[in-house]
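The values are calculated or read from the model by the stated rules, or taken from the named source; none is laboratory data. Owing to the predicted nature of the structure, the values given are computational and were not obtained by experimental measurement. Cβ coordinates were reconstructed from backbone atoms using ideal geometry, including for glycine residues, and neighbour counts include every protein chain displayed. Just the protein is used for accessible areas: all its heavy atoms, side chains included, with ligands, DNA and RNA removed. Shrake-Rupley method; radii C 1.70, N 1.55, O 1.52, S 1.80 Å.
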Amino acid sequence: MLAQSPGSLGGVRIDTLRAKLFLAIAGGTAALALAGYLVFSWSFDRGFADYVNRADEERLQPLIGALAEGYGREGNWAWLANDRRRWFELLRETVGLPPVAIDPRLMLFDAQRDQLIGRPEDASRAVLRPISLNEITVGFLGYVPRPDVLESLERLYLARQHGAFGAIAAGMLAAALLLGAGLSYWLGGRIQRLARATHGLIEGNYNVRLKAEGRDELASLANDFNTLAQTLDAARQARQQWIADIAHELRTPLSVLRGEIEALQDGVRPLTQEAVGSLAHEASRLARLVEDLHLLSLSDLGALRYHMEPLDLGEVVSEALEGQKRALAQKGLTLEFSISEAVKIRGDEGRLAQVFANLLQNSLRYTDAPGIVAVRVEPDGRVIWEDSAPGVLQGDLPRLTERLYRVEGSRSRTGGGSGLGLAIVRAIVEAHGGTLAAGASPLGGLRIELAFRKAPWLNAS
C-alpha cells in the first residue's frame, strides 16, 4: 500500500493554491447555503405557526360571542355540556368548518376552569380565552395550538416548502462547487504559469515571457514579470559585454608591453631610456585602467567612500583648471572660465577634483587645435563644460557615460582614452546627489552640464 504524502487526500494534494481556493469558495458558499436553509426553514415554520394560530383565534371570536350569548339566555352551561349535538351545530354555525375539522382541539371550561367539553388529556396544553358577560368571566373556551396537531394538508404544505428550500440550498451548493472549481482552475492555472516562468528565470532562461490576460492584478503582475525578465536579460548582456570590453581594453596595453619586452629580449630594439619610457608609459596606462575599473566597481557596490564637507564649488573647479593651463596651452586650446558668485555645496573635494580632471582630459584628447574650452559655474549650482569641434553625433550623446563606450569618428580611441572617464564622472556626480547631461555645444564640440544641489544653510547671507 502506497503511503500518502502530507497534505494529500486520496492521492490528491489539498495544500496547493488551486485546492485551497476551491475549498474556500465551495466551503464558504456551502456553509452559507446550509445556514440559509436552516434560517429560512425555522423562520417559515415559526411564521406559518403564528399565522395558523392567529387565523384560529379570529375564527373563534364568533364562537366566543355565541357562547356568551347562550350563557346569558340559559344562565348556566348545562344546555351545552349535556347536548353534544347542540355543541356541533354551534361550531358549524359560528366557525364555518365541519366540526370534525376543529372539534378535537376545542374545549369548554366553566368560570372555575373545570372542563365541561373536550378531551381531558388535552386540557393541560390548551390555551384559554375568557368568555365574558357584562364584563364578568363566566367561562373559558380552550383550544390546542395548531403546531401540535397540524392537519395532513398543512403538513403536506410544510413538507413541500421544506423541499423547495432544500432544492434551493442544493442548487446553491452545486453552483458553489462549479464556481469554486472554475475559479480555482482559472486562478491556479495563471499562477502556475507564473511559477513555471519564475523557475525559468531561476534557471537562467531570461527569454521567458508571460501573456498578460486582461487588466486585473495578475495581468499587472505578468507585465511586471516581463519587465523583470527583460531587465535581467539586459543586465546579463551588459555584464557579458562589460567583461568582453574589459578583456579587450586590458589586452591592448598588455600586448604592447609584451611586444616591446620581446623586442628588447631579441635585441631588435636597444635598451635605451626611450624604450624604458615607452614601457613605463604603457604600464602607467594599464595601471590607470585597472584603477578606473576598481573605482567603478566600488561605486557599483556602494563601497566608494566620500568625505563630505562644505565646499565652494567655484574654487574646486578653479583649482582643477589651474594645474592644467600649461597642458591646454601646449595643445593649442584656450581656456575660458567664469563664475558669477560663490556657490556652496557639500561634497568630497578629492572626488570632485577627479571629476573636473576627467572632463579636462576628455577635452584635451578630443578637441582640435586651435580650440576653446569654456567652463562656467552658475549661481544655481550648475557647472557648464563646453569645448569646440569636433562634436558628437546626436545618436551617441545618450551613451557617452556608458563604461568603455567610445564614439566612432573624430572622438575615437585614437585619442588614447579607455572610455571610462565620463562613466566615473557620472558615478561621482550622482553620489553627490547631482545629475549629468550631455549635449551639443554652441562652440561646435561637446557640452557637459553638471547640476549639484546647493546647501541652503551654507549659501544663506
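Give me the pairs, please: first residue somewhere in region 333-350 and under 12 Å from Ser318 (Cβ atoms), second residue anywhere and open to solvent by 70 Å² or more (accessible area, probe 1.4 Å), beta-carbon distance under 6 Å, and either six or more positions apart or on two chains.
Ser338/Arg376
Starting from region 259-271, take each residue that is under 17 Å from Glu282 (Cβ atoms) and free of Cβ contacts under 8 Å to residues at least 24 places away in the same chain and list its partners that are outside any loop (DSSP other than H, G, I, E, B) and among the hydroxyl-bearing types (Ser, Thr, Tyr), counting only C-beta distances under 8 angstrom and pairs at least six apart or across chains.
Glu260/Ser278
Considering region 134-162 alone, what residues qualify as being open to solvent by 30 Å² or more (accessible area, probe 1.4 Å) and at pLDDT 75 or above?
Asn134, Glu135, Ile136, Thr137
Among the residues in region 304-320, are any under 25 Å from Glu341 (Cβ atoms), open to solvent by 60 Å² or more (accessible area, probe 1.4 Å), assigned to a helix (DSSP H, G or I) and modelled with pLDDT of 80 or more?
Yes, that holds for at least one residue.
Pick from region 420-447 the residues that are within 22 Å of Ala342 (Cα to Cα) and in contact with a helix residue (DSSP H, G or I) (Cβ under 6 Å, 6 or more places away or on another chain): which of them is least open to solvent (accessible area, probe 1.4 Å)?
Checked region 420-447; the qualifying residue least open to solvent (accessible area, probe 1.4 Å) is Ile428.
Please list, ordered by first then second residue, the pairs with beta carbon atoms under 7 Å, 6 or more apart or interchain, first in region 165-178 and in contact (Cβ under 8 Å) with a residue 12 or more places away in the chain, second open to solvent by 60 Å² or more (accessible area, probe 1.4 Å) and assigned to a helix (DSSP H, G or I).
What qualifies is Phe165/Tyr37; Phe165/Phe40; Gly166/Tyr37; Ala169/Leu34; Ala169/Tyr37.
Quick check on my filter: what residues within region 61-85 are outside any helix (DSSP H, G or I) and open to solvent by less than 40 Å² (accessible area, probe 1.4 Å)? Step through it out loud before you land on a result.
Initially, region 61-85 is screened for residues outside any helix (DSSP H, G or I), giving 75-77, 82-83.
The one that is outside any helix (DSSP H, G or I) and open to solvent by less than 40 Å² (accessible area, probe 1.4 Å): Trp77.
Of Leu228, Leu232, Leu194, Leu177, which residue is surrounded by 11 or more Cβ atoms within 10 Å (Cβ to Cβ) and at pLDDT below 80?
Leu177
Scan region 260-282 residue by residue and report those that are at pLDDT below 80 and closer than 30 Å to Ile428 by Cβ.
His281, Glu282
Could you please find all residues in region 110-124 being within 15 Å of Pro145 (Cβ to Cβ) and loosely packed, with under 14 Cβ neighbours inside 10 Å?
Ser124
List the residue pairs whose Cβ atoms are under 7 Å apart, where the first residue sits in region 426-453 and is within 15 Å of Leu397 (Cβ to Cβ) and without any contact (Cβ under 8 Å) to a residue 40 or more places away in the chain, the second is assigned to a strand (DSSP E or B) and charged (D, E, K, R), and the two are 6 or more positions apart or on different chains.
Ala437/Glu449
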